Amino acid sequence: MSVWTRYKDRFDLRGFFYIGPAFIFLLLIVIFPLFKVFQYSFQEYFDRSFVFTGLMNYQRLFSDKLFWLSIKNTFIFTIGTIILHLAISWVIALLLNAQGPNPKVRNFFRGALLFPFLFSAPAAALLWGILYQPLGYPNYIIEQLFGTTINFLGDPRYALFSVLLVNLWTSFPLYMILILGGLQSIPKSMHEAARMDGANWFQSFCHITLPQMRTLMMTIIVIDFATTFIHFDLVWTMTKGGPLRSTYLISFFLYQR
């Protein structure tokens, strides 16, 4: 076999034609706009033309207290959402994956738990805006237990967490289904072999389930971070960044500036 034949077999140029359209689309829609935005960040629009200003825009940005407040709120909102998403989705997925006595009941809950995912963000915001009212069910339960009520969206101490819970309610079904699918893709023979070797449920979970789910978990974290970090519509509909900018996120800062 000649050197050219080995080279041609190893580097088949047909692959470049397969990925070419997608790469061109990515270049025009994502990479080129990002490059132009980065270029404009060093310029100022003045008298119908762009004037180079160096790092002045970045100096003004980093000296803006509102920018750092939005970063802090976004960080709390994003990290809290990811942690709660993973915790709740894992617990529910494990329960739904368990071999219960009645498969019909288990299948019913699998479908019912997808219901919140059908709500658009504005619709969920309006629904929970009503529930968070003083006469809503959450305040009714709190009043029965503690004799007081909470201003969920009007008190800066509770507003961000209240919005976070709504975001959690609308989006956890997606991650629950992904985790449930990952759990069901693990061969049952692996768990059966572990039980025969004397492993309990926790040991089987740590040494079989988690390693098999590692790639899926990283994918979920990346998706959750990307979607939550730029969250806008739900929070804007519920609080518009208030009260006292306690729910003011980086997406609001970018929108208003």
_Whole-Hz ³J(HN,Hα) for each residue in the stretch 245-253, computed from phi via Karplus 6.51 cos²θ - 1.76 cosθ + 1.60 with θ = phi - 60°, x for glycine and proline: what do you get?_
6, 6, 10, 7, 9, 5, 5, 5, 4
_As a footprinting exposure proxy, order Leu61, Leu145, Leu234 by other Cβ within 10 Å, with the fewest listed first._
Leu145, Leu61, Leu234
_Quick check for me: using +1 on Lys/Arg Cβ and -1 on Asp/Glu Cβ, what's the dipole size of the chain about its Cα centre, in debye to the nearest 20?_
400
*Estimated inter-spin distance, Ile141 and Leu216, nm [label 7 Å along Cα→Cβ]*: 2.9
_Using just the Cα positions, wrap the stretch 32-80 in a convex hull and report its mean projected area in square nanometres, one decimal place._
4.8
*Placed amide H near Thr53: partners under 5 Å, 5+ positions off or other chain*: Gln43, Glu44
*Given the chain, what count of lysine pairs have C-alpha atoms under 27 Å apart, with each pair 8 or more places apart or on different chains?*
4
*Report, in order of residue number, the helices in the chain meeting two criteria: a C-alpha extent of 18 Å or more along the helix axis, and a mean Kyte-Doolittle hydropathy of at least -0.5; treat each whole DSSP H run as one helix.*
14-26, 65-97, 159-185, 214-229
*Where does the chain land at 222 nm, in deg cm²/dmol rounded to the nearest 500, when only DSSP H runs of n ≥ 4 count, each adding -39500 (n - 2.57), divided by all residues?*
-20500 deg cm²/dmol
_Two-site label geometry, Leu126 and Phe205: point separation in nm, points 7 Å out along Cα→Cβ_ = 4.0
*Determine the relative contact order of the chain: mean sequence separation of Cα pairs under 8 Å and six or more apart, normalised by residue count, in whole percent.*
25
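Could you give the length gained by full extension between Gln43 and Thr148, i.e. 0.36 nm per residue of separation minus their alpha carbon distance, to one decimal place?
Separation in residues times 0.36 nm, less the Cα-Cα distance, equals 32.4 nm.
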*asked:* Given points 7 Å out from each Cα along the Cα-Cβ axis, report the Ala193 to Arg245 separation in nanometres with one decimal.
replied: 5.8
*Counting other C-beta atoms within 10 Å, which of Arg14, Arg245, Arg157 has the fewest, and how do the rest follow?*
Arg14, Arg157, Arg245
*Considering only the other residues whose Cβ falls under 12 Å of the Cβ of Phe252, what net charge follows from Lys and Arg at +1 and Asp and Glu at -1?*
+2
_With 10 angstrom as the radius, rank Met176, Met196 by how many other C-beta atoms surround their C-beta, starting from the fewest._
Met196, Met176
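All of the numbers you see were taken from the coordinates with simple rules; none came from a lab. Predicted model only: the values in this text are computed from it and were never measured. In this analysis, Cβ positions are derived from the backbone assuming ideal geometry, glycine residues included, and neighbour counts consider all displayed protein chains.
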